[in-house]
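**Q** Here it is, the structure, as structure tokens.
The values are calculated or read from the model by the stated rules, or taken from the named source; none is laboratory data. This is a predicted model, so every value here is computed, not measured. Methodologically, a virtual Cβ is constructed for each residue, glycine included, from the backbone with ideal geometry; neighbour enumeration extends over all protein chains shown. Note: accessible area is taken over every heavy atom of the protein model, side chains too, but ligands, DNA and RNA are not part of it. Shrake-Rupley method; radii C 1.70, N 1.55, O 1.52, S 1.80 Å.
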Amino acid sequence: MPRGLLRALTGGHGRPLAASLLALMMVLSLYPDLPPMAQVRMALFDGYQKALPRKRTSAPAVIVAIDEKSLQDLGQWPWPRTTVAEIIDAIASNGPAAIGVDVLMPELDRMSPASIAGLVERMDTRLARRLAQLPSNDSVLAATLRRSPVALGIAGVEHSQPGARPRSAPFRVKGSDPAPHLRHFAGTLRSLEMLDAAAPGHGLLSVDPSGGVVRRVPLLASVDGVLTPALSMEVLRLALGLPGFVVAADADRVEGMGVGEVFVPTNADGTVWVHFGPHDEDRFVSAVDVLQGRVDPEQLRDKIALVGATGLGLLDYQTIPTGERIPGIEIHAQILEGIFEGSLLQRPLFMEKLERLMMLAGGLVLILAVPVVKPRAAALMFAVLVASLMAAGFALYQWKLMLADVAWPAVACLVVFGAMLTGTLAEADRQRRALRQALQTEREEAAKAAGELEAAQRIQMGMLPPSSAKFYRDARFSLQALIEPAKSVGGDLYDFFKLDDDRLFFMVGDVAGKGLPASIFMAVSKALYKSAALRLEHGADIGGVMRAANREIARDNPEMLFVTVFAGILDLGSGELSWCNAGHDAPLCLRPGRREPVRMAGEAGPPLCVIEHFEYAAQRYRLQPGEALCLFTDGVTEAMNAAGELYGRQRLAGVLESAAGSTDAVQLVNAIRDDVRSFVRDTERSDDLTILVLRWNGGLR
């Protein structure tokens, strides 16, 4: 690894953590079958097919459906084997290239003459003897199978079938033995031996739905060590009139399967990803219509006819990635269409390496770029990166028929971006605190030497309104405020005044900093905020005030300071409170008749001067008569004693709860102040302390 890149990855801003997480994701990508990864991948691949299903451009197969119409005309299933023979003869008379039967017939036909003879023997012995001499229905069907290019379906099972004779077209193997890589079945469930032996072809019907969805289908499998083709490939062999198949494999995987000039690349395990299109009624003709000659012979001539059940009562329906449930026989038809159109989906050998490369490249870009760009640019970069991954995945699917798992690289980028953003913000906060502390110490010492801090304190305190609102002589509310700077001057502020006879404005704020810089910024912030509030038009809300104040305060802020603010406008007549929170601690509500205080619920925006054009929105709350609000700065909750313990919100709530019998503003402020002093004792305070309690007495004067 280049030395410069190594230095960048081991630097600050969360890079070591992000690099470690990226390495972990790369290792996990080596195990693609882990459940979380596999589920996300399959959902993505299904999404490709739902968004862009295959458009059918060929019709090599026609489905002769055992449908509701056929069941109504010919009776319930299973039909007599003579009826099945008549249908196959009717299909064969139209000149199909081959016939595939997706129906298992493992037992003797109960409707054969010999079976019926046993039922009527007691009633008519002569009739029973005549019936017993007739050929069985199974033998009639067997004769039909011998003279037609028919492939019977067989089902793979996990246990061997005693006496079952494996029948399969021969395979010529190019390269290594493919059997170790294939889906293995211990045995097969076949039709009756008489029928099975008569049929020229035999093909597997078995599929393994993943999560209940058919996505991949084996073109060949190993049945007790015997290579066996899928029904779709077997009918293709019969249609081409060829004796067997070719399979290519190496030591690590199956490469593909061919018949004649048709070669189909497969996955390593001999399966193919089917490119599904929507269910199409044009693929189907009714079995009863074929039997009764109501089908145009051109629909079947030189086509592969697939006989299968589609009637709802026969329960042969499968879910495909597009979300539809289609008859199982239609899956074989769509496989044949995919082979003829060359539209089967692929996951080439290089795809997993390409996906890991995308993951690595995306993660490194974020690790290197996030700390050196602005947060908004970093978020845009992440969004563009994820969008590019998704676009690349869809492009490969649409134009190259390749399935690319871009979901896992996108998840890896999300994890890396989260780690980098957290580390960058933590580093920025640490640097800001260190810089603020150094700047505060330097300027405070200079101010003390010049005697400026004392004057600054007098000026600062003189700018604040009186600590009580009694001078308004309004019985509808009472208000008490307290501010105690940690140093000679501080960055906390409060304000309150009437906007008109029925509206009271109030606020509490905390500048990010202490000492002289914070006090200057506090004075500017208070003046600009009050100016914005006084310009408030009647009917406008506190959100507009917050937005205007944010723009004004951020305009001239060379020190890049910011201030948290909680502000509200109280309708003294109704108790309706319109409030807005810019990164400040939410106030506590003390309701009459309730001991424990309640934290005011709602959303908070960022502090002022953090995002210049943030759209602060007003929120509303209705006070009950006698209800009080307690606003405070972090100088209360973060007050520290000699043991290094924080005062905390829980202790503050306990003080308010102990004073729950009274919501008098003065008593509450004094109770909090005295408890904080008792907790801190002689420990030097690290932050300013500000408290404001507002009690609404009701709408009557």
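**Q** Is there any pair linking a residue in segment 323-335 that is farther than 17 Å from THR266 by Cα and aliphatic (A, V, I, L, M) to one that is open to solvent by less than 10 Å² (accessible area, probe 1.4 Å) and assigned to a helix (DSSP H, G or I), with Cβ under 7 Å and at least six apart or on different chains, and which?
**A** Partner pairs satisfying both residue conditions: ALA333/ARG283.
**Q** Could you check how many residues of segment 189-202 are more than 23 Å from THR266 (Cα to Cα) and touching a strand residue (DSSP E or B) at 6+ places or on another chain (Cβ under 8 Å)?
**A** Residues that pass the stated criteria total 7.
**Q** While we're here: Considering only strands (runs of 3 or more DSSP E) fully contained in segment 523-640, which possess at least 2 residues that are within 27 Å of ARG432 (Cβ to Cβ) and under 35 Å from the mean Cα position of the chain (by Cα)?
**A** 576-582
**Q** To continue, here is another question. For segment 543-582, which positions are of a type in the set (S, T, N, Q) and modelled with pLDDT of 85 or more?
**A** Those that are of a type in the set (S, T, N, Q) and modelled with pLDDT of 85 or more: ASN550, THR564, SER574, SER578, ASN581.
**Q** Can I ask one more? When you scan segment 45-56, do you find a residue that is of a type in the set (A, V, I, L, M, F, W, C), crowded, with 20+ Cβ neighbours inside 10 Å and either at positive phi or at pLDDT 90 or above (or both), even just one?
**A** Checked segment 45-56: at least one residue is of a type in the set (A, V, I, L, M, F, W, C), crowded, with 20+ Cβ neighbours inside 10 Å and either at positive phi or at pLDDT 90 or above (or both).
**Q** Report yes if ALA618 is more than 24 Å from GLU484 (Cα to Cα) and hydrophobic (A, V, I, L, M, F, W, C), otherwise no. Show your work before the answer.
**A** On the way: more than 24 Å from GLU484 (Cα to Cα): yes; hydrophobic (A, V, I, L, M, F, W, C): yes.
So ALA618 fits the description; yes.
**Q** Also: If you take the residues in segment 307-330 that are surrounded by fewer than 23 Cβ atoms within 10 Å (Cβ to Cβ) and part of a helix (DSSP H, G or I), which one is modelled with the lowest pLDDT?
**A** Selected residue: LEU314.
**Q** Here is a follow-up. Could you tell me which residue of segment 85-125 is farthest from SER148 (Cα to Cα), considering only residues that are at pLDDT below 90 and of a type in the set (S, T, N, Q)?
**A** This residue is THR125.
**Q** If you don't mind, another one. Looking only at residues in segment 676-690 that are in a loop (DSSP other than H, G, I, E, B) and hydroxyl-bearing (Ser, Thr, Tyr), which one is nearest to ILE483 (Cα to Cα)? Working first, answer last.
**A** Residues of segment 676-690 that are in a loop (DSSP other than H, G, I, E, B), as a first pass: 681-688.
With hydroxyl-bearing (Ser, Thr, Tyr) added as a condition, the list becomes 683, 686.
On the way: THR683: 18, SER686: 14 Å.
Result: SER686.
**Q** Would it be correct to say that ILE304 is at pLDDT 95 or above, farther than 18 Å from ASP67 by Cβ and either open to solvent by less than 20 Å² (accessible area, probe 1.4 Å) or in contact with an Asp or Glu (Cβ under 8 Å, 6 or more places away or on another chain) (or both)?
**A** Details: at pLDDT 95 or above: yes; farther than 18 Å from ASP67 by Cβ: yes; either open to solvent by less than 20 Å² (accessible area, probe 1.4 Å) or in contact with an Asp or Glu (Cβ under 8 Å, 6 or more places away or on another chain) (or both): yes.
Here the answer is yes, as ILE304 does meet what is asked.
**Q** Restricting the search to segment 338-388, which residues are open to solvent by less than 60 Å² (accessible area, probe 1.4 Å), under 20 Å from SER20 (Cα atoms) and without any contact (Cβ under 8 Å) to a residue 12 or more places away in the chain?
**A** The answer is ALA361, and nothing else.
**Q** Yes or no: segment 36-48 includes at least one residue that is out of contact with any Ser or Thr (no Cβ under 6 Å at 6 or more places or on another chain), in a helix (DSSP H, G or I) and among the acidic types (Asp, Glu).
**A** Yes; the residues of segment 36-48 include at least one that is out of contact with any Ser or Thr (no Cβ under 6 Å at 6 or more places or on another chain), in a helix (DSSP H, G or I) and among the acidic types (Asp, Glu).
**Q** If you go through segment 260-301 one residue at a time, how many are in a strand (DSSP E or B), touching a Leu at 6+ places or on another chain (Cβ under 9 Å) and open to solvent by less than 40 Å² (accessible area, probe 1.4 Å)?
**A** The number of residues fulfilling the criteria is 5.
**Q** May I ask you to verify whether ALA407 is under 22 Å from LEU21 (Cβ atoms) and surrounded by 17 or more Cβ atoms within 10 Å (Cβ to Cβ)? Don't jump to the end; show me each part of the working.
**A** Details: under 22 Å from LEU21 (Cβ atoms): yes; surrounded by 17 or more Cβ atoms within 10 Å (Cβ to Cβ): yes.
Yes; evaluated as a whole, the condition is true for this residue.
**Q** Here's something else I'd like to know. Of the residues VAL235, VAL247, VAL213, which single one is of a type outside the set (D, E, K, R), open to solvent by less than 40 Å² (accessible area, probe 1.4 Å), at pLDDT 95 or above and under 23 Å from ILE326 (Cβ atoms)?
**A** Details: VAL247 fails: under 23 Å from ILE326 (Cβ atoms); VAL213 fails: at pLDDT 95 or above.
Selected residue: VAL235, the only one of VAL235, VAL247, VAL213 that is of a type outside the set (D, E, K, R), open to solvent by less than 40 Å² (accessible area, probe 1.4 Å), at pLDDT 95 or above and under 23 Å from ILE326 (Cβ atoms).
**Q** Still on this structure: Return the residues of segment 233-259 that are more than 16 Å from PRO200 (Cβ to Cβ) and not in a strand (DSSP E or B); say none if nothing qualifies.
**A** ASP250, ALA251, ASP252, ARG253
**Q** Assess whether ALA639 counts as being small (Gly, Ala, Ser) and closer than 25 Å to ALA582 by Cα.
**A** yes
**Q** A follow-up question, please. Is there a residue being over 28 Å from ARG430 (Cα atoms), open to solvent by less than 20 Å² (accessible area, probe 1.4 Å) and either under 43 Å from the mean Cα position of the chain (by Cα) or modelled with pLDDT of 85 or more (or both) anywhere in segment 506-521?
**A** yes
**Q** I've got another one for you. Hey, does segment 681-700 have a residue that's at pLDDT 90 or above, over 27 Å from TYR472 (Cβ atoms) and either out of contact with any Ser or Thr (no Cβ under 9 Å at 6 or more places or on another chain) or surrounded by 17 or more Cβ atoms within 10 Å (Cβ to Cβ) (or both)?
**A** The answer is no; no qualifying residue exists.
**Q** Using the structure shown, decide if VAL489 is under 27 Å from THR637 (Cα atoms) and modelled with pLDDT of 80 or more.
**A** Numbers: under 27 Å from THR637 (Cα atoms): yes; modelled with pLDDT of 80 or more: no.
For VAL489, the condition - under 27 Å from THR637 (Cα atoms) and modelled with pLDDT of 80 or more - is not met.
**Q** Consider LEU385 carefully, then state whether it is part of a helix (DSSP H, G or I) and of a type outside the set (Lys, Arg). Can you show your working first?
**A** Numbers: part of a helix (DSSP H, G or I): yes; of a type outside the set (Lys, Arg): yes.
Yes.
**Q** Give the residues of segment 14-35 that are in a helix (DSSP H, G or I), more than 18 Å from MET358 (Cα to Cα) and touching a residue at least 40 places away in the same chain (Cβ under 8 Å), sorted by residue number.
**A** So the first thing to find is which residues in segment 14-35 are in a helix (DSSP H, G or I), and the list is 15-28, 35.
Next cut, more than 18 Å from MET358 (Cα to Cα) only: 15-17, 35.
Result: ARG15, LEU17.
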